[in-house]
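The values are calculated or read from the model by the stated rules, or taken from the named source; none is laboratory data. Here the structure is a predicted model, which means the values were calculated and not measured. Using ideal geometry, Cβ is built from the backbone for each residue, glycine included, and neighbour counts are taken over all protein chains shown.
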Amino acid sequence: MAEIITTRREGTIIEVTLDRPKANAIDLKTSRLMGETFKAFRDDPELRVAIVKTAGDKFFSAGWDLKAAAAGDAVDGDYGVGGFAGLQELRDLNKPVIACVNGMAVGGGFELALSCDLIYASDHSSFALPEIRAGTLADAATIKLPKRIPYHIAMDLLFTGRWMDVAEAHRWGLVNEVLPKDKLEERVWEIARLLASGPPLVFASIKETARVAEALTFQDAMNKVTRRQLPTVDKLYGSEDNMEGFRAFAEKREPVWKGR
């Protein structure tokens, strides 16, 4: 039997692939496997960037597995570390995560993409939150989507469950770049290698600051940064890498990031 979750490592990059016929739907078991995979990425000091992709080109993911739910998987069951699909509630994940969307991202599949920091998509991809038609709530998307795109557009998608094609998603800034499907993975790996060559402590500080700032006023968020009240920021400002950036600039050379 084929593995549901496979990984590929190249240097400091890990590619995580969900392969679950027929639509890459996610049941409780799959969610727990994904959570353990992303937790291992978070905790591995040798890894700096993750790519999230799925098998095939029809569905990125159909989201929550309704057949498994009908067979007894509880909606409020044990999704494992990181919550649904392993990412949306994973604490302290301060490394870049890139979604490689090739196909339809539906319901929880859309939420999986929203849990990533960057979204690159093929030109035939599309997005939808059809939970409204089943009389239920797209919980994570209802929290995240109005913060990512204009409020009224988010409400339209949530209220109607309509499809949004990739061109519209790109227009609203939800997708970073749209590519032909045969160029998608090449471009995603190009971006992953670029990020992997960057300063990991700064990426960690960016992610923690952005995450904390969502719940604060601008001034309160600034105070936490300037007073070094965030662990990643405090670590960055006291690090070798922080001085390395300044020295490399002054010496007109490329910096060598050590992550310390």
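Within the range 190-213, not a single residue is charged (D, E, K, R), touching a residue at least 12 places away in the same chain (Cβ under 8 Å) and within 18 Å of Ala121 (Cβ to Cβ). Filter the range 108-156 down to the residues that are in a helix (DSSP H, G or I), surrounded by fewer than 16 Cβ atoms within 10 Å (Cβ to Cβ) and of a type in the set (Asp, Glu), then identify the one that is modelled with the lowest pLDDT. Only one residue fits best here, namely Asp139.
In the range 173-184, the count of residues that are not in a helix (DSSP H, G or I) and not assigned by TED's automatic domain parsing to the domain that holds Gly11 is zero.
Among residues of the range 157-181 that are under 14 Å from Phe60 (Cβ atoms), those with a beta-carbon under 6 Å from a residue that is in a strand (DSSP E or B) and among the small types (Gly, Ala, Ser) at least six positions away or on a different chain give the pairs Trp163/Ser126; Trp163/Ala128; Asp165/Ser126; Val166/Ala121; Val175/Ala121; Val178/Ala121; Lys181/Ser122.
Counting only residues that are under 12 Å from Pro199 (Cβ atoms) and over 24 Å from the mean Cα position of the chain (by Cα), the range 213-245 holds 7 of them.
If I filter the range 213-257 down to residues being in contact with an Asp or Glu (Cβ under 6 Å, 6 or more places away or on another chain) and not in a helix (DSSP H, G or I), which single residue comes out as surrounded by the most Cβ atoms within 10 Å (Cβ to Cβ)? Among them, the one singled out is Trp257. On the stretch given as the range 186-212, residues that are assigned to a loop (DSSP other than H, G, I, E, B) and either touching a Gly at 6+ places or on another chain (Cβ under 7 Å) or surrounded by 18 or more Cβ atoms within 10 Å (Cβ to Cβ) (or both) total 1.
Selection of the range 1-55 for residues being in a strand (DSSP E or B) and of a type in the set (A, V, I, L, M) yields Ile5, Ile13, Ile14, Val16, Leu18, Ile26, Val49, Ala50, Ile51, Val52. If we scan the range 85-96, do we find a residue that is touching a residue at least 24 places away in the same chain (Cβ under 8 Å), under 23 Å from Lys22 (Cβ atoms) and over 12 Å from the mean Cα position of the chain (by Cα)? Looking for residues that are touching a residue at least 24 places away in the same chain (Cβ under 8 Å), under 23 Å from Lys22 (Cβ atoms) and over 12 Å from the mean Cα position of the chain (by Cα), one finds none in the range 85-96, hence no. Filtering Arg48, Arg42 for residues that are in contact with a Ser or Thr (Cβ under 6 Å, 6 or more places away or on another chain) and either of a type in the set (Val, Ile, Thr) or at pLDDT 95 or above (or both) leaves a single hit, Arg48.
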